[in-house]
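**Student:** This is the structure, below, for whatever I ask next.
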Amino acid sequence: MRQLLLDIRPPARPDLARFVAGRNGELVAQLGAMLDGTADERMVYVWGAPGSGKSYLLAAWTAACEARGRKVVQGGAAAGEVVVADAVESWDAARQQAGFAAFNQVREQGGLWLAAGSAPPAVLPLMPELKTRLGWGLVFQMQPLNDAEKRTALQQHAETLGFKLDPQVADYLLTRAARDMQSLLAVLEALDRVSLETRRPITLPLARQLLNQSA
């Protein structure tokens, strides 16, 4: 089991179909419309605290775009059909200038732009022109999932892995594992691998053994 614990570290692959929207239904609907080509607004900025799920959502939306044959340019420093940029608050002066130019080009060409940061555009530590651009489109605050919604997300992911998650195991993970969804899904997948390797069912004792050895 010690070797299998190393598998916890890679994050679960983001999947838009597995994303539990919670109080982010309007944001998810907007991203779906952008995917389908029915969105009136093509520029979106998302902000929220660390662990709120915004990075997972960006990665899941990127994968969904690529699955539909769209080329995604990562980072925000260059324009493209679809541009995705995370942690914009960390951009240095050169990156801000490049991001400003890329945003304008994407908007003029009718591309898709999805960016995320730690705060609303107006208070980001960026040059005024870029802050203004980021606020031109739709701005959403990412609302973290509550425990009930996280439990639902875990149960749904367990079903995709081929088993039914015991509510006691879900509650244990929520109280003992890292609380962001990407880490929780990674732990669930590690549990599944341990179960297959050891031919033991996914029970509370197995979850305890896994997390105690990873502590």
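**Student:** Using Cα pairs under 8 angstrom and six or more residues apart, how large is the relative contact order of segment 21-141, in percent?
**Tutor:** Relative contact order comes out at 33 percent.
**Student:** Once Lys and Arg get +1 and Asp and Glu get -1 on their Cβ, which of Gly53, Gly117, Leu161 lies farthest toward the positive end of the dipole of the chain?
**Tutor:** The Cα lying farthest towards the positive end belongs to Leu161.
**Student:** Here is a further query. Could you size up the charge dipole of segment 174-215 around its Cα centre, putting +1 on the beta carbon of Lys and Arg and -1 on that of Asp and Glu, and report it in debye to the nearest 20?
**Tutor:** 180
**Student:** Oh, and also: Note down the magnitude of the dipole of segment 145-214 about its Cα centre, charges +1 on Lys and Arg C-beta and -1 on Asp and Glu C-beta and zero elsewhere, to the nearest 20 debye.
**Tutor:** Value, rounded to 20: 220 debye.
**Student:** State the answer as a single residue: which of Leu145, Pro201, Ala177 lies farthest towards the positive end of the charge dipole of segment 145-214, with beta carbon charges of +1 for Lys and Arg and -1 for Asp and Glu, about the Cα centre.
**Tutor:** Value: Pro201.
**Student:** Only counting other Cβ atoms within 10 Å, I'd like Thr38, Thr132 sorted with the fewest neighbours first.
**Tutor:** Placing the least packed residue first, the sequence is Thr38, Thr132.
**Student:** Hey, what did the chain get for relative contact order, percent, Cα under 8 Å, at least 6 apart?
**Tutor:** This gives 27 percent for the chain.
**Student:** A follow-up question, please. About the Cα centre of the chain, what is the dipole size in debye to 20, counting +1 per Lys and Arg Cβ and -1 per Asp and Glu Cβ, all else neutral?
**Tutor:** 500
**Student:** Can you give me the long-range amide H partners of Val83? Hydrogens built in the peptide plane at 1.01 Å from N, cutoff under 5 Å, separation of 5 or more residues or another chain.
**Tutor:** For Val83, whose amide H was placed from the backbone, the distant partners under 5 Å are Val73, Leu112, Trp113, Leu114.
**Student:** Still on this structure: If I compute Cα Rg over 2.2 N^0.38 Å from the structure I just sent, which labelled value in (i) 1.05; (ii) 0.92; (iii) 1.13 lines up?
**Tutor:** It is the value labelled (iii).
No lab work stands behind these numbers, since they all come straight from the coordinates. None of the values given here were measured: they were computed from a predicted structure. So basically every Cβ, Gly included, is an ideal-geometry build from the backbone, and we count neighbours across all protein chains shown.
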